[in-house]
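> Here it is, the structure in full.
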Amino acid sequence: MAFEALSENLNNTGEKTQEYVETTAEYYKLRLFKSSMKFATSLISMLVLGSVALLLLSFMSFGVALYLSRIIGYPSSGFFVIGGFFLVVFLFTYFFGRKMIVKTILEKFSELIVEEDDTSPSDIANERAKSKKTKGTP
């Protein structure tokens, strides 16, 4: 009788272990899908907004360059002034802003991947075990 009970407990343990592994695998698949979708939508959103901002900046720069050319009196002088301005902005960004840009991007995307409200597989397994005990399932 004790051997049968031990055998049954071992079978139940094997089944529970297999169920836990399958549940954990499903959890990580869903979490990977969620993270990749958040990353993809965020990336697409940034690309669209960046494209619109680039178009806006291009047209504004072109207009200011034409206006400066008219004020200075030489046809290409406004374009050189605007080009020089963007060169200075680029150099400042390259030498002083790279670390800040990398830090901001890493923080943004790590927030998308790691969330505080995510439950771990062990929490899910514990909740399932509690719910089965309350239902009377051995």
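The values are calculated or read from the model by the stated rules, or taken from the named source; none is laboratory data. Predicted, not measured: the structure shown is a model, and the values here were computed from it. For neighbour counting, all protein chains shown are included, and Cβ atoms are generated from backbone atoms with ideal geometry for every residue, glycine included.
> May I ask you to verify whether residue 110 is hydroxyl-bearing (Ser, Thr, Tyr), closer than 30 Å to residue 24 by Cα, at pLDDT 80 or above and assigned to a helix (DSSP H, G or I)? Spell out the reasoning first.
On the way: hydroxyl-bearing (Ser, Thr, Tyr): yes; closer than 30 Å to residue 24 by Cα: yes; at pLDDT 80 or above: no; assigned to a helix (DSSP H, G or I): yes.
Against the criterion (hydroxyl-bearing (Ser, Thr, Tyr), closer than 30 Å to residue 24 by Cα, at pLDDT 80 or above and assigned to a helix (DSSP H, G or I)), residue 110 does not qualify.
> Next up: Just one of 94, 20 is of a type outside the set (A, V, I, L, M, F, W, C), within 23 Å of residue 106 (Cβ to Cβ) and either in contact with a strand residue (DSSP E or B) (Cβ under 8 Å, 6 or more places away or on another chain) or in a helix (DSSP H, G or I) (or both); which is it?
Within the list 94, 20, the selection yields 94.
> Kindly provide the set of residues from segment 44-75 that are modelled with pLDDT of 90 or more and of a type in the set (Ser, Thr, Tyr), ordered by number.
Listed by number, the residues that qualify are 45, 51, 58, 61, 67, 69.
> Would you please list the contacts, defined by Cβ atoms under 8 Å and residues six or more apart or on different chains, that run from a residue in segment 69-94 that is loosely packed, with under 13 Cβ neighbours inside 10 Å to a residue that is part of a helix (DSSP H, G or I)?
Correct list of pairs: 70/78; 71/78; 75/69; 76/69; 86/61; 93/101.
> For segment 1-47, how many residues are surrounded by fewer than 10 Cβ atoms within 10 Å (Cβ to Cβ) and among the acidic types (Asp, Glu)?
Of the residues in segment 1-47, 1 are surrounded by fewer than 10 Cβ atoms within 10 Å (Cβ to Cβ) and among the acidic types (Asp, Glu).
> Any residue in segment 1-24 that is under 20 Å from residue 128 (Cβ atoms) and at pLDDT 85 or above sitting within a Cβ distance under 9 Å of a residue that is in a helix (DSSP H, G or I) and hydrophobic (A, V, I, L, M, F, W, C)? List the pairs, counting only those 6 or more apart or interchain.
Short answer, once both residue conditions are applied: 19/125; 20/125; 23/124; 23/125; 24/124; 24/125.
> Being under 25 Å from the mean Cα position of the chain (by Cα), among the hydrophobic types (A, V, I, L, M, F, W, C) and farther than 30 Å from residue 130 by Cβ narrows it down to one of 44, 72, so name that one. Working first, answer last.
Working: 72 fails: under 25 Å from the mean Cα position of the chain (by Cα).
The unique qualifying residue is 44.
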